[in-house]
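Inspection log for the structure reproduced underneath, given as structure tokens.
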Amino acid sequence: GRMWAYSVGFTVLPHVGGFLGWFLNRKEIPAWYEKLKKPSWCPSRRVFPVAWTMLYTGMGYASYLVWNDLGGCSSKAIIPLGLYGAQLVLNWAWPPLFFGAHNLNMVM
């Protein structure tokens with residue numbers, strides 16, 4: 001029923017900003033990021049899509065569990081979901097700052 005749709009919606013939501021960040025900055029990755037001097041322990045860029053898919057899925061589903069446990073958009077859910085939303089917006093802002101503006105200082 002409806003709960004299945006809510007769980008999918010909450011789980012997919014973080015991926016929307018992640019996909020947009022990748023899509024808007026996809027040309028900067030080979031053109032700029034690959035040329036940066038990185039430490040030897042820096043993982044391959046192939047690891048990042050897998051890691052972020054797992055992270056975003058976990059974050060999204062956890063937000064659904066919080067929403068469901070606290071009775072939907074109740075007064076109890078405002079603070080945890082508000083903090084989550086703020087964190088998600090900052091997370092989505094990271095790729096344009098890092099790749100788009102080429103500004104390492106803003107993301108460190």
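The values are calculated or read from the model by the stated rules, or taken from the named source; none is laboratory data. Fair warning: this is a prediction, and the values are worked out from it, not measured in the lab. Methodologically, a virtual Cβ is constructed for each residue, glycine included, from the backbone with ideal geometry; neighbour enumeration extends over all protein chains shown. Accessible surface is based on the protein model in full, side chains and every heavy atom, while ligands, DNA and RNA are left aside. Shrake-Rupley method; radii C 1.70, N 1.55, O 1.52, S 1.80 Å.
Per-residue answers, yes or no, for (1) assigned by the TED database to the domain that holds residue 95; (2) under 17 Å from residue 95 (Cα atoms); (3) surrounded by fewer than 15 Cβ atoms within 10 Å (Cβ to Cβ):
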residue	(1), (2), (3)
2	no, no, yes
9	no, no, yes
12	no, no, yes
21	no, yes, no
24	no, yes, yes
Original post:
If residue 45 passes every condition in (1) open to solvent by 80 Å² or more (accessible area, probe 1.4 Å); (2) at pLDDT 90 or above but one, which one does it miss?
Top reply: (2)
**OP:** Give me the pairs, please: first residue somewhere in region 12-37 and without any contact (Cβ under 8 Å) to a residue 60 or more places away in the chain and within 15 Å of residue 48 (Cβ to Cβ), second residue anywhere and open to solvent by 70 Å² or more (accessible area, probe 1.4 Å) and basic (Lys, Arg), beta-carbon distance under 8 Å, and either six or more positions apart or on two chains.
**Re:** 34/45
Subject >> Out of 103, 68, sole residue that is modelled with pLDDT of 80 or more and polar (S, T, N, Q) >> reply: 68
